[in-house]
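Scroll down for the structure; my scribbles are underneath it.
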Amino acid sequence: MQATTAIDSAEKASQKAVESTMLSPRFYTTDFDAMDRLDMSPVRADWDKMMAEYEGDNNHDHFQRDEQFGVELAERFEQVRPEMRQEFLDFLISSLTSEFSGCILYNEIFKNVKNPDIKQLMRYMARDESRHASFLNQSLKDFGLGIDLGNLKRTKAYTYFKPKYIFYATYLSEKIGYARYISIYRQLERHPEKRFHPIFRWFERWCNDEFRHGESFALIMRAHPHLLQGANVYWIRFFLVAVYATMYVRDHCRPMLHEEMGLDSTAYDYEVFRITNEITKQVFPVSLDIDNPAFKACMSRLFFVQQQMDAAKARGGLLGWMQRGRWAVSGALTFARLYLLPVNHHALPEEVRMAPAW
Ligand SMILES: [Fe+2]
Ligand SMILES: [Fe+2]
């Protein structure tokens with residue numbers, strides 16, 4: 001399980017954020033010259049409209065606590081079980097790391113490109129992600145577990161991705177981020193008694209930022225249609241499988257978090273997949289067939305493999321090491337099987353932009 005090492009000090013919280021595993025959020029860097037060559041003229045009208053939305057900044061006053069925040073925190077969160085508390089802290093840290101990962105990437109692109117469209121977009125998105133990261137960090141600070149973001153920026157490993165991989169991966173993580181936050185928000189709107197931490201009240205307007213970030217990448221990709229055709233479709237499939245599988249395994253490592261909200265991890269993840277599949281039709285010509293029993297079997301298998309890997313790691317020694325190797329092979333084969341399953345094909349809609357209507 002993910003949260004086996006108790007997160008009980010700021011140092012451990014920072015270690016958790018810095019660690020690089022298959023499942024932990026990463027930091028990225030890319031080719032800035034290639035970013036400079038992007039041409040947004042094919043989607044100019046949509047682009048300018050979107051820039052005006054960023055400029056309008058309807059969430060500028062959203063990421064501030066209200067008076068109720070402290071009251072709810074004291075009344076409600078103090079009641080949760082210690083193991084559940086650990087899963088929630090793990091959730092806060094991985095969410096903070098993803099938000100901050102976006103913030104750093106967008107800010108680096110902003111600083112290094114000359115292309116005015118891309119520069120402007122990156123400045124707005126870095127602004128939003130910085131607010132999101134700080135708001136999450138405040139909730140860690142409530143427990144004395146605040147993460148030193150400057151230090152995290154210096155010490156965490158960076159992965160280089162070509163711009164097209166950044167577009168596929170970041171588009172997906174923004175849209176899946178929207179789907180995750182809105183599904184939680186709607187559940188807790190129906191069952192306010194299950195809202196064990198006040199931060200969830202912020203999720204609705206928060207995830208509209210993520211939705212818009214995703215829209216920006218959708219426009220970039222639609223302005224460069226070769227990114228969505230030919231051999232690139234195999235990359236799109238790869239990123240869909242990688243992002244869906246990582247989310248599924250990570251979420252199943254913290255079942256109590258979902259239970260506490262009255263959600264079942266599997267049902268929640270499939271709802272998130274369903275919403276993400278609907279949204280990604282705006283730009284991807286393929287989507288994963290999440291109703292295929294083989295898809296479901298592979299997802300469960302990946303979680304099972306992760307549990308075996310964790311058990312082998314805990315066992316340690318030569319035997320543990322050999323078992324980890326065996327399960328790593330099994331995980332890779334399952335991933336390959338998932339990748340090779342038939343996918344659904346779609347024609348791209350004329351109208352690219354979508355509204356966050358879930
Ligand atoms: Fe964000
Ligand atoms: Fe975002």
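Take segment 177-201 and flag every residue that is aromatic (Phe, Trp, Tyr) and buried (at least 22 other Cβ atoms within 10 Å of the Cβ).
Looking only at segment 177-201, we keep the residues that are aromatic (Phe, Trp, Tyr), and these are 178, 181, 185, 196, 200.
Result: TYR178, TYR181.
With the requirement that a residue be over 14 Å from THR276 (Cα atoms), within 16 Å of the chain's Cα centre (by Cα) and not basic (Lys, Arg), what does segment 243-258 give you? It would help to see each step written out before you state the result.
Step one: list which residues in segment 243-258 are over 14 Å from THR276 (Cα atoms), which gives 246, 249-258.
Pick out the ones that are also within 16 Å of the chain's Cα centre (by Cα) and you get 246, 249-254.
Within segment 243-258, THR246, VAL249, ASP251, HIS252, CYS253 meet the criteria.
Does any residue in segment 304-316 that is in contact (Cβ under 8 Å) with a residue 40 or more places away in the chain and crowded, with 16+ Cβ neighbours inside 10 Å come within less than 6 Å, Cβ to Cβ, of a residue that is aliphatic (A, V, I, L, M) and not in a helix (DSSP H, G or I) six or more places away or on a different chain, and which pairs are these?
The qualifying pairs do not exist here.
Identify, from the list GLN79, GLN64, the residue that is over 28 Å from PHE211 (Cβ atoms) and either at pLDDT below 95 or of a type in the set (A, V, I, L, M) (or both).
On inspection, the qualifying residue turns out to be GLN79.
Count, please, the residues in segment 158-185 that happen to be of a type in the set (A, V, I, L, M, F, W, C) and more than 18 Å from the chain's Cα centre (by Cα). Can you show your working first?
First pass over segment 158-185, keeping only residues of a type in the set (A, V, I, L, M, F, W, C): 161, 166-167, 169, 172, 176, 179, 182, 184.
In the following step, the residues that additionally are more than 18 Å from the chain's Cα centre (by Cα) were identified as none.
Number of matching residues: 0.
Can you find, within segment 204-239, the residue that is nearest to ligand 1 (Cβ to nearest atom) among those that are over 20 Å from GLY102 (Cα atoms) and among the charged types (D, E, K, R)?
This residue is ARG222.
Please determine whether any residue of segment 248-269 is under 21 Å from LYS175 (Cα atoms), part of a helix (DSSP H, G or I) and of a type in the set (Phe, Trp, Tyr).
Scanning segment 248-269 turns up at least one residue that is under 21 Å from LYS175 (Cα atoms), part of a helix (DSSP H, G or I) and of a type in the set (Phe, Trp, Tyr).
Look at segment 117-158 and say how many of its residues are surrounded by 18 or more Cβ atoms within 10 Å (Cβ to Cβ), among the charged types (D, E, K, R) and either within 16 Å of ligand 1 (Cβ to nearest atom) or farther than 19 Å from PHE27 by Cβ (or both).
Number satisfying all stated conditions: 5.
With TYR171, TYR178, TYR106, TYR165 as the choices, which residue is more than 16 Å from ligand 2 (Cβ to nearest atom), under 30 Å from VAL241 (Cβ atoms) and part of a helix (DSSP H, G or I)?
So the residue among TYR171, TYR178, TYR106, TYR165 that is more than 16 Å from ligand 2 (Cβ to nearest atom), under 30 Å from VAL241 (Cβ atoms) and part of a helix (DSSP H, G or I) is TYR165.
Of GLU278, GLU210, GLU204, which residue is within 16 Å of ligand 2 (Cβ to nearest atom), among the acidic types (Asp, Glu) and closer than 26 Å to VAL43 by Cα? So that I can check it myself, show each step before the final result.
Numbers: GLU278 fails: within 16 Å of ligand 2 (Cβ to nearest atom); GLU204 fails: closer than 26 Å to VAL43 by Cα.
Only one candidate qualifies: GLU210.
From PHE196, PHE211, which residue is in contact with a helix residue (DSSP H, G or I) (Cβ under 6 Å, 6 or more places away or on another chain), in contact (Cβ under 8 Å) with a residue 24 or more places away in the chain, within 19 Å of HIS258 (Cβ to Cβ) and among the aromatic types (Phe, Trp, Tyr)?
It is PHE196.
When the residues of segment 221-263 are filtered to those that are among the charged types (D, E, K, R) and at pLDDT 95 or above, which remaining residue is farthest from LEU302 (Cα to Cα)?
ARG222
Checking the conditions here, which among GLN68, GLN64, GLN15 is outside any strand (DSSP E or B), out of contact with any Pro (no Cβ under 9 Å at 6 or more places or on another chain) and surrounded by fewer than 13 Cβ atoms within 10 Å (Cβ to Cβ)?
It is GLN64.
The values are calculated or read from the model by the stated rules, or taken from the named source; none is laboratory data. Keep in mind the model is a prediction, meaning the values are calculated, not measured. No Cβ is skipped: glycine too gets one built from the backbone with ideal geometry, and neighbour counts run over all protein chains shown.
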